[in-house]
1. Please work out which residue is nearest to Val136 (Cα to Cα), limiting yourself to region 255-289 and to residues that are in contact (Cβ under 8 Å) with a residue 40 or more places away in the chain and among the small types (Gly, Ala, Ser).
2. Out of Ser43, Ser100, Ser30, report the one residue that is of a type in the set (Ser, Thr, Tyr), within 22 Å of Val184 (Cα to Cα) and over 21 Å from the mean Cα position of the chain (by Cα).
3. Does region 207-248 hold any residues that are over 21 Å from Gly21 (Cβ atoms) and of a type in the set (D, E, K, R), and which are they?
4. Answer yes if at least one residue in region 121-137 is touching a Cys at 6+ places or on another chain (Cβ under 7 Å), closer than 26 Å to Val239 by Cα and at pLDDT 95 or above, and no otherwise.
5. Looking only at residues that are among the small types (Gly, Ala, Ser) and part of a helix (DSSP H, G or I) in region 208-232, which one is modelled with the highest pLDDT?
6. Across region 90-109, which residue is modelled with the lowest pLDDT among those that are under 20 Å from Arg40 (Cα atoms) and among the β-branched types (Val, Ile, Thr)?
7. Output the number of the condition that Gln235 fails; it satisfies all remaining conditions of (1) in contact (Cβ under 8 Å) with a residue 12 or more places away in the chain; (2) under 22 Å from the mean Cα position of the chain (by Cα); (3) in a helix (DSSP H, G or I); (4) farther than 30 Å from Gly134 by Cβ.
8. I'm told Asp57 meets every condition in (1) in contact (Cβ under 8 Å) with a residue 60 or more places away in the chain; (2) among the acidic types (Asp, Glu); (3) over 28 Å from Ser165 (Cβ atoms) except one. Can you identify the failing condition by its number?
Amino acid sequence: MSSPPTPTPVWLITATSSGFGKQIALEALSRGHRVIATARDSSKLTLLRSLGAAVLDLDVTADQAVLDAKLAQAAAVYGRLTHVVNAAGYIFVGAVEEASQQEERDVYATNVFGVLRMARAATPWLREAAKEGGIVSLVNFGSLGSYNSGPGVGHYCSTKGAVSSISEGLAAELRPFGIEVCCVEPGYTRTEFLRKGDGGKERRVVARREMEVYGEEGHPVREWKDAMDAVDGRQPGDVERAARVIVDVLTKEGVARGRDIPVRLPLGSDTIKQIRKRIGEYEARVREWEDVARLVDYESEF
């Protein structure tokens, strides 16, 4: 007796007006999957709609009750959700002293609290889908910045480090239900992410208060800002190739055939380089401080 056919994947993807969200939606549609594409303003999703995606207004910073209702609305489109991808996020640039409390709240509201709210809203639907068999996944976006922070980007990197850690906890919580959690951690990728614009949350947002002391020649904050200007449009990562890999991984097809879905998926040679650098730094720190660290144990002779 032949096994039943694998159900067609049903994707709900946030922030599909540009960047990773848009490319993942395009890739899933190209494979005949069902896609519910969302954005704060779904009128901007005309291309995805023309290719067969259902579209929906969704803002990850909305109240939990609003997001719960949105996920119920999305699940009703095709009767189930198998892959929920939270691609919403933006980079905030500014020294800690320059940032306002509101700017800090805003970047955390999207990059961290939006991930938590979406996870709460999506989990009941993914748990139901998992009962039917097949691959079911919740996907968040970390970054190369999950592994490394720097001057002027401490806020952003802290949000991505938080998302990676949250994803690890979620993975352990949801694995017993048959839900895979994957945190995608891309390096510098050629999207609109670093582009300065109108302050929208899908562009580079710079602190409104830019202090002269951080803008002086040679200061690390100034150097990082200049480096972002220089790399914008020249990033080594290809978002279309990244989307193909991501969809392969989340469906265990193509380059991911025969592999398990990882809890953290590094993408890009620059991310791999950074991870290896951090491993070396951690090893060196342990070697230097291990004897001191052990002194605080009760059984030590300190």
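1. Ranking the qualifying residues of region 255-289, first place goes to Gly268.
2. Values: Ser43 fails: within 22 Å of Val184 (Cα to Cα); Ser100 fails: within 22 Å of Val184 (Cα to Cα).
The unique qualifying residue is Ser30.
3. Listed by number, the residues that qualify are Arg208, Arg209, Glu210, Glu212, Glu216, Glu217, Arg222, Glu223, Lys225, Asp226, Asp229, Arg234.
4. Just the residues of region 121-137 that are touching a Cys at 6+ places or on another chain (Cβ under 7 Å), to begin with: 137.
Within this subset, residues satisfying the condition of being closer than 26 Å to Val239 by Cα are 137.
Pick out the ones that are also at pLDDT 95 or above and you get 137.
For region 121-137, residues touching a Cys at 6+ places or on another chain (Cβ under 7 Å), closer than 26 Å to Val239 by Cα and at pLDDT 95 or above: present.
5. Here is the first cut: in region 208-232, the residues among the small types (Gly, Ala, Ser) are 215, 218, 227, 230.
Subsequent filtering for residues that are part of a helix (DSSP H, G or I) retains 215, 227, 230.
Values: Gly215: 94, Ala227: 89, Ala230: 87.
Applying the filter and picking the extreme gives Gly215.
6. Here the residue is Ile91.
7. Among (1) in contact (Cβ under 8 Å) with a residue 12 or more places away in the chain; (2) under 22 Å from the mean Cα position of the chain (by Cα); (3) in a helix (DSSP H, G or I); (4) farther than 30 Å from Gly134 by Cβ, the lone unmet condition for Gln235 is (3).
8. Among (1) in contact (Cβ under 8 Å) with a residue 60 or more places away in the chain; (2) among the acidic types (Asp, Glu); (3) over 28 Å from Ser165 (Cβ atoms), Asp57 violates only (1).
The values are calculated or read from the model by the stated rules, or taken from the named source; none is laboratory data. Keep in mind it's a predicted model, so treat the numbers as computed, not measured. Quick reminder, even Gly has a Cβ in these numbers, built from the backbone with ideal geometry, and neighbours come from all protein chains shown.
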